[in-house]
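The values are calculated or read from the model by the stated rules, or taken from the named source; none is laboratory data. Here the structure is a predicted model, which means the values were calculated and not measured. Note that we place each Cβ from the backbone using ideal geometry, even for glycine, and neighbour counts take in every protein chain shown.
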Amino acid sequence: MRLVLLGPPGAGKGTQAQALGELWGIPQVASGDLLRAVVRENSKLGREAASYMERGQLVPDELVLKLIAERLRKKDARGGFILDGFPRNVMQAERLAAGLERVGLKLDKVVAVIVPDEEIVKRISGRRTCEDCATMYHVVFEPPAKADVCDKCGGQLYQREDDAEQTVRERIKVYHAATQPLLEHYARLGLLAQVDGVGRPDEVEKRILAALDGLAALRQAGAGVGHARS
Ligand code: ADP
């Protein structure tokens, strides 16, 4: 299964990508996580990326494309992957399609998780992430058993710097301007499914699986063949 999850910040793409990745035994590839890892290195490149992220702006395409290409070349992505946060504009989508085509592959489906803007701000302000394994929680909707500690690995939970309300509003603006046109792009290619992202994570997961229909079971059965062309 080669899947893209689209949607505004805070739509639950990360939560869903993680759950589906575990279900299908394929990696979740989150551009935001790859970028935050570069930022943590505190290199010149990392500081440059951070300056965009802190403002809620998109990081330059070339950097993101390089990180994604490196990640998708790793062995664990051979049987499929779930992209979360990438592509974020039409240019990134075209480069992704071209890169996959060069190795005889293509996307199976793009699922857009739809959540209204007001709901997003409410969700993001309570969001907490594990420093070690990147599992996400919400202080009200999905709290960990022990405050600020990850249920899965015992890591410390933190609030992302770009989750401050003003930055969230900017990220929503950028989503509407740069990323939303991708819905039409993928609809034209016949790849798009839209699901309602409001509700409990398990409910949203069911909707995604329903939208994928027979595709998921089919792809899962074929996942073991590794390089098989689709
Ligand atoms: P969210 O989807 O909640 O905004 P992400 O972790 O996906 O969170 O992204 C955080 C930030 O990382 C974005 O606001 C942006 O600055 C940067 N970023 C992530 N993915 C991309 C991308 N594909 N292209 C450009 N910038 C990106």
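Are there any pairs, at least 6 apart or on different chains, whose C-beta atoms fall under 7 Å, with the first in the stretch 75-102 and more than 11 Å from ASP61 (Cα to Cα) and the second among the basic types (Lys, Arg) and in a strand (DSSP E or B), and if so, which?
Every condition considered, the pairs that remain are GLY80/ARG2; PHE81/ARG2.
From the list ARG71, ARG128, ARG160, pick out the single residue that is at pLDDT below 95, within 15 Å of the ligand (Cβ to nearest atom) and crowded, with 19+ Cβ neighbours inside 10 Å.
Matching residue, one of ARG71, ARG128, ARG160: ARG128.
Given the criteria within 14 Å of the chain's Cα centre (by Cα), within 10 Å of the ligand (Cβ to nearest atom), buried (at least 16 other Cβ atoms within 10 Å of the Cβ) and under 28 Å from HIS176 (Cβ atoms), does ARG88 qualify?
So ARG88 fits the description; yes.
Name every residue in the stretch 177-193 that is in a helix (DSSP H, G or I) and either free of Cβ contacts under 8 Å to residues at least 60 places away in the same chain or among the charged types (D, E, K, R) (or both), in order of residue number.
Scanning the stretch 177-193 gives ALA177, GLU184, ALA187, ARG188.
Check whether at least one residue in the stretch 134-148 is touching a residue at least 12 places away in the same chain (Cβ under 8 Å), under 17 Å from ALA17 (Cβ atoms), in a loop (DSSP other than H, G, I, E, B) and of a type in the set (Phe, Trp, Tyr), and report yes or no.
no
Would a scan of the stretch 108-116 turn up a residue that is within 16 Å of GLY85 (Cβ to Cβ) and in a helix (DSSP H, G or I)?
No: zero hits.
Would you mind telling me which numbered condition in (1) farther than 18 Å from GLY14 by Cβ; (2) surrounded by fewer than 19 Cβ atoms within 10 Å (Cβ to Cβ); (3) more than 10 Å from the ligand (Cβ to nearest atom) GLY79 fails?
Here GLY79 meets the rest and fails (2).
All but one of (1) closer than 25 Å to GLY80 by Cβ; (2) surrounded by fewer than 16 Cβ atoms within 10 Å (Cβ to Cβ); (3) not β-branched (Val, Ile, Thr) hold for ASP148, so report the exception by its number.
Only one criterion is unmet by ASP148, namely (1).
Quick one: ALA49 ticks every box in (1) near the ligand (Cβ under 10 Å from one of its atoms); (2) assigned to a helix (DSSP H, G or I); (3) over 22 Å from GLN194 (Cα atoms); (4) out of contact with any helix residue (DSSP H, G or I) (no Cβ under 6 Å at 6 or more places or on another chain) except a single one, so which number is it?
(4)
Do you know which residues across the stretch 194-217 are hydrophobic (A, V, I, L, M, F, W, C), farther than 12 Å from LYS109 by Cβ and in a helix (DSSP H, G or I)?
Across the stretch 194-217, the qualifying residues are VAL204, ALA210, ALA217.
Taking ALA134 as meeting all but one of (1) within 19 Å of ARG36 (Cα to Cα); (2) in contact with a Phe, Trp or Tyr (Cβ under 8 Å, 6 or more places away or on another chain); (3) within 14 Å of the ligand (Cβ to nearest atom), write down the number of the exception.
(2)
Within the stretch 19-44, how many residues turn out to be outside any loop (DSSP other than H, G, I, E, B), away from the ligand (no atom under 13 Å from the Cβ) and in contact with a Phe, Trp or Tyr (Cβ under 9 Å, 6 or more places away or on another chain)?
Count: 1.
As an exercise: evaluate VAL59 against (1) part of a loop (DSSP other than H, G, I, E, B); (2) touching a helix residue (DSSP H, G or I) at 6+ places or on another chain (Cβ under 6 Å); (3) of a type in the set (A, V, I, L, M); (4) closer than 18 Å to LYS13 by Cα and give the number of the one condition it does not meet.
With respect to (1) part of a loop (DSSP other than H, G, I, E, B); (2) touching a helix residue (DSSP H, G or I) at 6+ places or on another chain (Cβ under 6 Å); (3) of a type in the set (A, V, I, L, M); (4) closer than 18 Å to LYS13 by Cα, VAL59 is out only on (4).
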